[in-house]
Amino acid sequence: MATTKNLSNLSFDAVKADLIQYLKNSNIFKDYDFTGSKLNVLLDLLAYSIIYGGTYSNAALYESFLDYARQRESVVALAQNLGYVPSSSTASSVVIPYEFEYSGNSIIPPTELTIPKGFKFTASVENKKYSFVVPTDTVFTSSNNFNFIGDLSLVQGSFIRSESVWKNDSRIFIKTSDIDRKYITLTVNGETFDLSDPSDILNNNAARRLSAEKVFYIRETIEGWTEVYFGMTEDNSDDSNNLFVYVGGIRPSEGDVIVVEYLVTNGNDADYCTNFKAIDSITNFKSIGIIVEYNAATGQKIDSSTYYYSSGGGTKEDIERIRKIAPKIQEAQGRCVTANDYKAFILKQFGSDIDNLNVWTEEGISGRAYYAIKPTNGLTTSPSFTKSINTYLKKYNVATITPYYVDPIYIFINTVLKIDYDPTLLKISETQLIQNIINDIQLFYKNTINDFGKAYYNSRLLTVVDNADPCILGSACDVVLVKEFPVEVFWSLNKAINTANDASYVDIQPNRSLYSIEPIIYNSTELHIESTDIVDGTESGSLIIGPQTATKVFINETDASSAGGTTISWAETVSNRLPVNAIFTLTSDTEEKSFDYTVIEYLDSAGTQMLVQLTDGTNGLDRDSTYYAMITPYYFNLPYTGTDFNSATPSGPHYVENGVWYVIGDINYVDGTFRINRWSTMTTNTTDPSSENSLWEDDFVRMQIDVPESDIYPSDGELIVFEPYLRPEYISVKLNPIIFNKKLK
Amino acid sequence: MATKEEIFYSDIIFNMEKHPLTSDLGIVTNIRSIKESIINLLLTNYGERLYHPEIGCNISALLFTNANYITAKVLKGHIITTINNYEPRVLLKIVDVKASPDTSEFVVSITFTVISVNIDNQQISFKLKTK
């Protein structure tokens, strides 16, 4: 018998061969290697037993490491050891302006109305109804003795209450995995205890809690449930100085009544719910509904039932994200200092809504940390979402650093695929084949380019396309790069160029502070255009933007700079652009600060004036500064009429029909630069720029450019994306059937 | 030729009885060992052996059919294939499967030679009853 064993081989046949080798040293049983012998059957069982045990031990060992664990419960348990409690489902939420009317008989109605926690509403999305509840008692005051109006916060789900009597060895579980842990409340004999998030290392560390504090803690169990636990009341253990065994907070006494209330939610299934209707009632009060708004121009009622929709719902935290964030949260030690810290904190709290996140700082600009987010659904984030991120980060970051959200600039790759296929091998419809190809491309992007700064390689894409179906014989594709700029960003580019008085060569760098413009020639590694791509023998073409709506025009702002106090107003002649409560930003050209304003009222029904109010608590505007409404750019008056751009009249899938495109510069096909040289012309009469959302077909402008060099290396901070549902115009598949002549085969 | 005392094949006894004198695990040797091995193979169904589902004769699948000439031919083929594949110690000489429709059974008789020691005309006979 060999004295050393190879323990690494855990295949059935190898283990059995090892056992047979051992038996060869014995003279008693000799039939070990004949398949039909009973000894051979026993060896099978023995080998099976060995590999079963070995495989189990191996898997168990793997499950004990955060990097390799495959079971969610293992990852969660290991993350919790690092002080990170993975986030639960998140309830979709909405704030609606709501009205109640006093319907009682009293001559003197009450001055306040309390809408109790748990007051129920229903709302629907795609014919599915969901229940919404008021998360906390909300007080409305009367506006005219009979009408009670206010903003009502709603969260999706239902509150469940469970009551139990505490024993010393009690454990309290919330036996469902679909809860939003933010809304857990707990009372002990009627006394409210506060939820202490153990992952909040800085503020709510269990070891820092005093023994007399009324707090409770939560953790996720291996079943995916939530366990509620308490502190130790006082540390009377032998090793009282050992913080590892100390948990601050009062522990209930035997016989105490524990009441736990929690919110069971449907997560992101209930996003985009509209038509909120109260189904509970309050004695002596009648529910009127969401406050009716009026069209400023026509005076007509606006159907506001669909204005307000729920958002922000999320599923339980994915294990891959837990694996990624937990060590970073521990590394951050409760403080946002490095870019990784910011990433960890943002993803921890808002990760279910974030697909990609980039955080950076700028050399020479102190006091600012920038972050850009590609949301899970769609391409843009709401101002309220980024505002809540900023508020959250304030608790953890260094006091002198202010986080700024910057919209990411996406690079879309407009791909025209030409595919030869053998129709005799096609087992599905052509439509299905195209859909399968698009699905495979989407997977390719998800697996290989799913991060800021990741490069795109055309040959790899074509490999994916070639393997999409056995009938595909070969493929080729043309690549056009497209950058989309939000309209307000485009306007700031415009303004910045005017300020710099240098409109020669520009590069739009998304990750610079507030999209600063720098005179720079395009780096050939970013946008490489070869001289072989000279169109029609010329060396340059026009750079155009658009499409704009041809039928609408901008108006000149008349009174934007005369604001003072807390309100600002200006003339409006185009109807129905900004709903009441829309939030937008005003920016001064003399100082780099911006304020959030809320439209609170149209002064008259004709919509000739609009009133906006500061919502961030700042004490008004500086009368000496000119403030621009940064919503849309001014008009350009230079519609594109030529045919030199890409040797074609703008039409087809990349252009919106009837839209107007404007020339803003030219492209040099030889050295790969593009030049924006029409700014000054475009911005004539823009001393007091106004805004007009509806001027544009889309709320963004596009710049696109042919790229013969098909490998794309985005600059740091740019994100290449593929969104076949949001931007179906950026992918087209042309199938070309090839019929083989059998004689040639 | 091997002497009477020489043991060239040995295996655990079929029912795992202990030896009446030594109380050790019972052992079968030589020809009996081979015969028990053949019976064991023929009574093994596909999928019974761990990690080797192809080992076996799958006789039981045929015992749900009528005991007729055709089934007997198929059964015979299965037996020959199994023994040739998994029992290298023997050389088959005759495999006879007779169907008895009246009693719903097959009478199987296998005659073989043990190759290495050249023991000729060994025979196994048994009945298989259809269900």
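When the stretch B:57-102 is filtered for residues that are among the charged types (D, E, K, R) and either farther than 18 Å from B:S125 by Cβ or out of contact with any helix residue (DSSP H, G or I) (no Cβ under 9 Å at 6 or more places or on another chain) (or both), the ones remaining, listed by number, are B:K73, B:K76, B:R89, B:K93, B:D102. On the stretch given as the stretch B:9-39, residues that are modelled with pLDDT of 85 or more, farther than 15 Å from B:Q122 by Cα and of a type in the set (A, V, I, L, M, F, W, C) total 6. Since A:G36 meets every condition but one in (1) in a helix (DSSP H, G or I); (2) within 13 Å of chain B (Cβ to nearest Cβ); (3) among the small types (G, A, S); (4) touching a Leu at 6+ places or on another chain (Cβ under 8 Å), which condition does it not meet? Answer for A:G36: the failing condition is (1).
Listed by position, the strands (runs of 3 or more DSSP E) enclosed by the stretch A:404-512 that each have at least 2 residues that are at pLDDT below 90 and among the hydroxyl-bearing types (S, T, Y) are A:410-421. With respect to the conditions (1) at pLDDT 90 or above; (2) closer than 30 Å to B:Y9 by Cβ, A:V76 falls short on a single one, namely (2). Name, by its number, the condition in (1) more than 47 Å from the chain's Cα centre (by Cα); (2) within 13 Å of chain B (Cβ to nearest Cβ); (3) among the polar types (S, T, N, Q) that does not hold for A:N25. Tallying (1) more than 47 Å from the chain's Cα centre (by Cα); (2) within 13 Å of chain B (Cβ to nearest Cβ); (3) among the polar types (S, T, N, Q), A:N25 fails exactly one: (2). Of all the numbered requirements in (1) in contact with a Pro (Cβ under 9 Å, 6 or more places away or on another chain); (2) without any contact (Cβ under 8 Å) to a residue 60 or more places away in the chain; (3) exposed (fewer than 14 other Cβ atoms within 10 Å of the Cβ), A:P423 misses one, and that requirement is (2). The residue pairs whose first member lies in the stretch A:168-184 and is among the hydrophobic types (A, V, I, L, M, F, W, C), whose second member is assigned to a strand (DSSP E or B) and modelled with pLDDT under 90, and whose beta carbons are closer than 7 Å, counting only pairs six or more residues apart or on different chains, are A:I184/A:L195; A:I184/A:I218. Taken over the stretch B:95-116, residues that are within 15 Å of B:K35 (Cβ to Cβ), surrounded by fewer than 16 Cβ atoms within 10 Å (Cβ to Cβ) and within 13 Å of another protein chain (Cβ to nearest Cβ) amount to 1. Apart from one condition, A:Y68 fits all of (1) in a loop (DSSP other than H, G, I, E, B); (2) within 14 Å of another protein chain (Cβ to nearest Cβ); (3) surrounded by fewer than 17 Cβ atoms within 10 Å (Cβ to Cβ); the exception is (2).
Among residues of the stretch A:438-467 that are over 17 Å from A:P724 (Cβ atoms), those with a beta-carbon under 9 Å from a residue that is in a loop (DSSP other than H, G, I, E, B) and among the β-branched types (V, I, T) at least six positions away or on a different chain give the pairs A:A455/A:I449. Just the residues that are outside any loop (DSSP other than H, G, I, E, B) and hydroxyl-bearing (S, T, Y), please, taken from the stretch B:95-106. Scanning the stretch B:95-106 gives a single hit, B:S100.
Considering A:E73, A:E101, the condition of being touching a residue at least 40 places away in the same chain (Cβ under 8 Å) and touching a Lys or Arg at 6+ places or on another chain (Cβ under 7 Å) is satisfied by A:E101 alone. None of A:D280, A:D271, A:D235 is surrounded by 14 or more Cβ atoms within 10 Å (Cβ to Cβ) and at pLDDT 80 or above except A:D271. Being touching a strand residue (DSSP E or B) at 6+ places or on another chain (Cβ under 9 Å) and touching a residue at least 60 places away in the same chain (Cβ under 8 Å), is that true of even one residue in the stretch B:68-84? No: the stretch B:68-84 contains no residue that is touching a strand residue (DSSP E or B) at 6+ places or on another chain (Cβ under 9 Å) and touching a residue at least 60 places away in the same chain (Cβ under 8 Å). Scoring B:D11 on the criteria (1) in a helix (DSSP H, G or I); (2) facing another protein chain (nearest Cβ under 10 Å) leaves a single failure, condition (1). Exactly one residue among A:A59, A:A47 is surrounded by 13 or more Cβ atoms within 10 Å (Cβ to Cβ), more than 9 Å from every other protein chain (Cβ to nearest Cβ) and without any contact (Cβ under 8 Å) to a residue 40 or more places away in the chain, and that residue is A:A59. Of the helices (runs of 4 or more DSSP H) lying entirely inside the stretch B:16-94, those containing at least 2 residues that are within 11 Å of chain A (Cβ to nearest Cβ) span B:30-42, B:69-86.
Any residue in the stretch A:409-418 that is surrounded by fewer than 21 Cβ atoms within 10 Å (Cβ to Cβ), touching a residue at least 12 places away in the same chain (Cβ under 8 Å), hydrophobic (A, V, I, L, M, F, W, C) and under 30 Å from A:P737 (Cβ atoms)? Within the stretch A:409-418, one or more residues are surrounded by fewer than 21 Cβ atoms within 10 Å (Cβ to Cβ), touching a residue at least 12 places away in the same chain (Cβ under 8 Å), hydrophobic (A, V, I, L, M, F, W, C) and under 30 Å from A:P737 (Cβ atoms).
Checked against the criterion of being loosely packed, with under 15 Cβ neighbours inside 10 Å and part of a strand (DSSP E or B), the stretch A:104-112 contains one or more residues that satisfy it.
The values are calculated or read from the model by the stated rules, or taken from the named source; none is laboratory data. In this text the structure is predicted, and so the values were computed from the model without any measurement. Counting neighbours? That spans all protein chains shown, and the Cβs are built from the backbone with ideal geometry, glycine included.
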